[in-house]
Structure formats: structure tokens, C-alpha cells
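Engineer: Pasting a structure below so you can have a look.
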Amino acid sequence: MDDTQIDLQVLANAMTQGTPQSAALGFEFVSVEPCVGVLKVNWREDLVGDPDTGVIAGGVITTLLDHVSGLAVKAAKVDFNGTATLDLRIDYMRPAQPRRAIFGRAHCYKVTRSIAFVRASAYEDDPDDPIATAQGAFVLTGAPSGVSTQGAAKAAKP
């Protein structure tokens, strides 16, 4: 394992355990590579939105997509201090399956001097059968004027 992969794993673990919201929701690190991150949230009764169906609340999925998008931006290895969500559009395709863990996968496909663009999806087992998809823009806070975009890949499938 090279230093870049170790740095990304340290970052991913810090993001899942280091922020109160992700820790409270029980987000788990799954994988990270340049420009891409995957997180998971396990089903818990206290995360259910409708007790009659047993389906995780939509707000948990929204938070998962936002958080994994931030991970993808950080995994782009751009020189900046932090991120803030400028815009996050989420399209819900179907309800989540009851009592199932949900994965969130995000890809940072473009970085400008001050904005990063991300596509993400939430799913149970098959990324080709998403619960929801998202597209977002994230401001790079504290970005120097000559920020490097070498880590961000060209457009690709989320």
C-alpha cells in the first residue's frame, strides 16, 4: 500500500468518526481512492423514517450523499483547507429496502480554482439500481489562487 492510499484511508476514517453527525448516524468507511469515496450506513431502528415500512429515513440518505461527496472532494487531493456544500440536488428513484444497509458512492469529476463538482448515488447492493442519485457543487474554502486540479479526473460515471 503506498503513502497516497494510506493518507486517503486516514482521511476517510477521520471523516466517518471525526464529525459528530456522521458518528451519530454510524457512517462506516468502505473504500477510497483518488477522486472517489464509498461510505455505508447500517440499518438501525432509530434511523427509520416510517415505522410501518422499516425503511431508513430520506434525511439519512441525503446526509450520506452529502458526506460521501465531501469525501470524494477531499480524495481529489486538491490543496485547500475545507469544503462547504454550495448546491446538492438529489433525485430519489425508489424507497430504500427495509432493514438494509445503504452505501453511498461519490466521484469528484471536476475541480476548478474554487469549486469541486461531484456525482453520487445511494444503493443497497447494486450501484446500477440506485435509491437516489445526487449532483453537487462544493466550494473549496481557503483555496490558494493557483490550486492544483491534477487529482480530479474528467467526467465519469458516479
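The values are calculated or read from the model by the stated rules, or taken from the named source; none is laboratory data. Bear in mind the structure is a predicted one, so any value in this text is a computation, not a measurement. Backbone-built Cβ (ideal geometry, glycine too); neighbour counts: all protein chains shown. SASA here: full protein model, heavy atoms, side chains in, ligands and nucleic acids out. Shrake-Rupley method; radii C 1.70, N 1.55, O 1.52, S 1.80 Å.
Engineer: Using the Cα centre of the stretch 37-89 as origin and beta-carbon charges of +1 (Lys, Arg) and -1 (Asp, Glu), tell me which of Val78, Thr62, Trp43 is placed farthest towards the positive end of the dipole.
Structural biologist: Val78
Engineer: If you don't mind, there's one more thing I want to ask. Would you mind putting 109-115, 49-55 in packing order, based on average other-beta-carbon counts within 10 Å, highest first?
Structural biologist: With the highest mean Cβ count within 10 Å placed first, the list reads 109-115, 49-55.
Engineer: What is the percent carbon and sulfur in the accessible area of the stretch 1-119, measuring with a 1.4 Å probe over the protein chains and ignoring ligands?
Structural biologist: 50
Engineer: Points 7 angstrom from Cα along the Cβ direction at Ile90 and Arg113: gap in nanometres?
Structural biologist: Inter-label distance under the simple model: 3.3 nm.
Engineer: Using the heavy atoms of the protein chains alone and a 1.4 angstrom probe, what is the accessible area of the stretch 61-121 per residue in square angstrom?
Structural biologist: 44
Engineer: Under 20 Å Cα to Cα from Lys74, which aspartates and glutamates show up? Leave out anything in the same chain fewer than 8 places away.
Structural biologist: Asp2, Asp3, Asp7, Glu28, Glu33, Asp66, Asp87
Engineer: When you count, for each residue, the other Cβ atoms within 10 Å and take the mean per peptide, how do 85-96, 26-37, 69-80 rank with the highest first?
Structural biologist: 69-80, 26-37, 85-96
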